Amino acid sequence: DLDGTLLDIESRYLNLFDYMCKIFQINKISSSEFWQQKRGGKTNIQILSQLDYDENLSINFHSKWVSLIEENFWLGFDSLQIDTVDFLNWTIEKEFKIFLLTGRNNRQNLVQQLKKLGIHHYFESIFNVDTSEMVNQKKIFLEEYKPKLFIGDSEFDYLSCKGLDINFFCVSNGFRNKTFLQKNKIPNIFENLTEVTKKIF
């Protein structure tokens, strides 16, 4: 997985939320509180609805959010997790073949971002799936390629592997926090990619 697993996406979410607040005149929650609720499993609509914002506003906010979140400007706020390059180099040293499987709608911007961040060359293949059908579409790729293990950062990644003969490892420094992952009975939770490597070997 990419967002949250290999990439630190917090800055993108914080900055986009601040921008969206100005558009929709939202002032009942800070960007940092919004991000913590996202990491705790809440959707945009759930977060705004519980603050008593009009349902139409919540729906329009989410629609606008989806249209912007993968634009190059906002992707520019992403950075690599601090151990991403070490992790990718480690997998190459161990002669693993690495495939990237991520929920992204805009493939062109995805590939451009990977090249800009200098990690495009690590992957045998790059697969992106529709974010609205993420679990089912990820499962299709996993069934076809049958990897020995899959590393992600959310319940969606785990559900994609569920029922398949694939070892799933989950990092808790990405899109979901450890409390949410434990509550949803996600197995093999590790703080970061460095800790995952210690488990694999």
- Query: What percentage of the solvent-accessible surface of the stretch 78-201, computed with a 1.4 Å probe over protein heavy atoms, is contributed by carbon and sulfur atoms?
  - Reply: 49 percent
- Note on the structure: Under a Gaussian network model of the chain whose springs join Cα atoms within less than 10 Å, the largest fluctuation of 31, 49, 79 belongs to 49
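Using only alpha carbon positions, build the gyration tensor of the stretch 149-201, then give the equivalent ellipsoid semi-axes as the square roots of 5 times its eigenvalues, largest first, whole angstrom. All intermediate terms of the calculation are to be shown ahead of the outcome.
Numbers: eigenvalues 45, 44, 13 Å².
Values for the stretch 149-201, descending: 15, 15, 8 Å.
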- Item | Other-chain or far-sequence residues with amide H under 5 Å of residue 192's (modelled H) | 172
- Item | Where only alpha carbons of the stretch 77-117 are counted, the Rg and the Dmax (Å) | 11.8, 31
- Item | In Hz, Karplus ³J(HN,Hα) per residue of the stretch 41-54 (6.51, -1.76, 1.60; θ = phi - 60°; x = Gly, Pro) | x, 7, 8, 3, 5, 5, 4, 6, 5, 6, 8, 6, 7, 4
- Theoretical ellipticity at 222 nm over the chain - DSSP helices of four or more residues, -39500 (n - 2.57) apiece, nearest 500: -14500 deg cm²/dmol
- Note on the structure: Note to self: with every protein chain in place and a 1.4 Å probe, the chain gives an accessible area per residue in Å² of 53 Å²
- Message: Report the Cα-based extents of the stretch 1-151 along its three principal axes, largest first, to the nearest Å.
- Response: 52, 29, 27
- Would you mind checking the stretch 93-132 for residues with the amide N under 19 Å from a putative spin-label position 7 Å along Cα→C-beta of residue 156? 99-114, 126-132
- Separation of the stretch 97-176 and the stretch 71-91 by C-alpha centroid, Å? 14 Å
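The values are calculated or read from the model by the stated rules, or taken from the named source; none is laboratory data. This is a predicted model, so every value here is computed, not measured. Cβ sites come from the backbone with ideal geometry, for glycine too, and all protein chains shown count toward neighbours. In case anyone asks, the SASA skips ligands and DNA or RNA and just uses the protein heavy atoms, side chains included. Shrake-Rupley method; radii C 1.70, N 1.55, O 1.52, S 1.80 Å.
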